[in-house]
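J.: Once you've had a glance at the structure underneath, I'll fire off some questions.
What follows is calculated from the coordinates using simple rules that are stated; it is not laboratory data. All values derive from a computational prediction rather than experimental measurement. FYI the Cβ positions are ideal-geometry reconstructions off the backbone, even for glycines, and counts take in every protein chain you see.
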Amino acid sequence: MVKNKSFKNRFLNNRYPKPKIIPGNIPDNERSKKVIRLTSEAIKDSTFDAPLLGSSFSVIDYFSKVKPILDLVEAGITFNNANENKEFELKKENLAELDDGEMAASALLSLYCDVASKLILFGRVNSQLYFFERKHGKNSDDKWFEEITIHAEKANVRTFASNGKTRKAFKCGRPNQFTGIKWIEWNGSEIEKYPGKQYPVFIQSHALDQLFNRVPKTENEDWFAHDDLMLSLLNPKIVKKNGDEFLIEYRWLSCKLGYLTAIVIDDCVLITTFLFLTMDGTPEGALIREKLRLERPDKEHLELDKIETFLHTDMKDDPEIVKLLSGCGCGHLFSLPLVPTPKEHIKSGYADGIRDFLELAGRS
């Protein structure tokens, strides 16, 4: 039994090490140094909701300060004063709520998610993906510890030969909080191939370039588009086309912005390019041709093949144009969940140009 007279000193001596980030198998460059710095900051800022402790309680404080007290209590603390012992016994029931496995698991989950969210900022399938390895338990001093080691996986490159051309492509995957990197594979039944057989997914550089050039960027970074690409491939919504080619919806913040074109080759799925929603080769592009009589050169002339036209021009303020494009499955492009463009940055004249081209009556 632990005597109360030395409890304060015992607690100070029994504080557990703070969770920490450890550089593992990563390149020695500025990008990796930034990864280590930001993940270390993520640990310091990580919080979770805990009964009795309140909302947004520090994960570091829970494991370095609260958990040591709980472990001392479990070891059996006694007080010299009988009344203090009685009062303490009444409070132990509340302390038990702090020591249940669910609370510790909730704290760890918050910690892992916060670290993973930073790694996603820097990982790219065509260069390297960052992931982490967890290690926790009791150290040589019998103190609980949590260490997170950051690793990097170099791009998994494969060459495909198709139509007389050699194509270099990159295996698709995404960091997972518990299993390193989740490499993306599709069951054959999803693509009308052999059910039960797994087909790894690869993507060409051309497809990545087209995607990053055509979707909104967050603070001039492409990490958001890259992560939504991986999420779209992890849970694919596949649209069949004629022949061997098929389309996969690309969803940006759950909003469909276009399609990835793909073929099956050498027992793999190969993503060949990205098509913006209005472009030829998409169901919406076909509706634009059918309903508005706009061909590819027309859409390029009117810049309807660019997301910026929907977000940053006066076209979105013309109800008739919005209705026409909504009838072709493109109406949601006018209201993506982004910070609204300031009025002074809205480009004027686009709506009138489209109205003239479509021979619509002038606006009242």
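J.: Using square roots of five times the C-alpha gyration tensor eigenvalues, list the equivalent-ellipsoid semi-axes of the stretch 283-358 in whole Å, biggest first. Present the calculation step by step, with values, prior to reporting the outcome.
T.: Numbers: eigenvalues 80, 38, 23 Å².
For the stretch 283-358, the ellipsoid semi-axes come out as 20, 14, 11 Å.
J.: Enumerate the whole-percent occupancy of each 10 Å bin, from 0 to the last occupied one, for all C-alpha pair distances of the chain.
T.: 5, 19, 21, 19, 16, 10, 6, 3, 1, 0
J.: Still on this model: DSSP H helices in the chain with Cα extent of 27 Å or more along the helix axis and mean Kyte-Doolittle hydropathy at least 1.0?
T.: Passing helices, by number: 101-122.
J.: Return the whole-Å distance between the Cα centroid of the stretch 176-223 and the Cα centroid of the stretch 288-326.
T.: The distance from the Cα centre of the stretch 176-223 to that of the stretch 288-326 comes to 28 Å.
J.: Scan around Lys168 for amide H atoms under 5 Å from its own, H built in the peptide plane at 1.01 Å from N, and keep only partners 5 or more places away or cross-chain.
T.: Close amide H contacts, sequence-distant or interchain: Phe160.
J.: Here's something else I'd like to know. Putting +1 on Lys and Arg Cβ atoms and -1 on Asp and Glu Cβ atoms, find which of Ala42, Ser348, Leu247 reaches farthest to the positive end of the dipole of the chain.
T.: The residue sitting most towards the positive pole is Ala42.
J.: Set Lys and Arg Cβ to +1 and Asp and Glu Cβ to -1, take the dipole of the chain about its Cα centre, and tell me which of His301, Ile60, Asn213 lies farthest positive.
T.: Ile60
J.: Sort 56-69, 341-354 for me by packing, meaning the mean count of neighbouring Cβ atoms within 10 Å per residue, highest on top.
T.: Peptide ranking by packing, descending: 56-69, 341-354.
J.: Order 150-159, 304-313 from most to least packed using the mean count of other Cβ atoms within 10 Å.
T.: Packing proxy ranking, top to bottom: 304-313, 150-159.
J.: Where does the chain land at 222 nm, in deg cm²/dmol rounded to the nearest 500, when only DSSP H runs of n ≥ 4 count, each adding -39500 (n - 2.57), divided by all residues? Walk me through the intermediate numbers first.
T.: Working: 12 runs with 134 residues, N = 364.
Rounded to the nearest 500, the figure is -11000 deg cm²/dmol.
J.: Let me ask you something else. How large is the dipole of the stretch 219-315 about the Cα centre if only Lys and Arg carry +1 and Asp and Glu carry -1, each at its Cβ, rounded to the nearest 20 debye?
T.: Magnitude of the dipole: close to 520 debye.
J.: Toward the positive end of the charge dipole of the chain, about the Cα centre and with charges on Cβ (Lys, Arg +1; Asp, Glu -1), which of Tyr16, Val322, Tyr194 goes farthest?
T.: Farthest along the dipole direction, towards plus: Tyr16.
J.: Right, here's the next one. What size of dipole, in debye to the nearest 20, comes out for the stretch 279-364 about its Cα centre when the only charges are +1 on Lys and Arg C-beta atoms and -1 on Asp and Glu C-beta atoms?
T.: Approximately 200 debye in magnitude.
J.: Let me ask another. Could you list log10 I(q)/I(0) for the stretch 157-276 at q = 0.11, 0.18, 0.22 Å⁻¹, which the Debye formula gives when each Cα is one point scatterer?
T.: Rounded to two decimals, the profile gives -0.35, -0.96, -1.41.
J.: Distance cut-off 24 Å, Cα to Cα: go down the list Lys240/Lys323; Lys118/Lys171; Lys33/Lys135 and report the pairs above it.
T.: Beyond 24 Å: Lys240/Lys323.
J.: What relative contact order, as a whole-number percentage, does the chain give when Cα pairs under 8 Å and 6 or more residues apart are counted? Spell out each step's value before the answer.
T.: Values: 564 pairs, mean separation 39.1, N = 364.
11 percent.
J.: Please build a GNM for the chain, connecting alpha carbons under 10 Å apart, and tell me which residue among Leu260, Leu277, Leu325 fluctuates the most.
T.: Leu325
J.: Dipole magnitude of the chain about its Cα centre, charges +1 at Lys/Arg Cβ and -1 at Asp/Glu Cβ only, in debye to the nearest 20?
T.: Details: 52 positive and 54 negative charges, 207 e Å.
Dipole of the chain, to the nearest 20 debye: 1000 debye.
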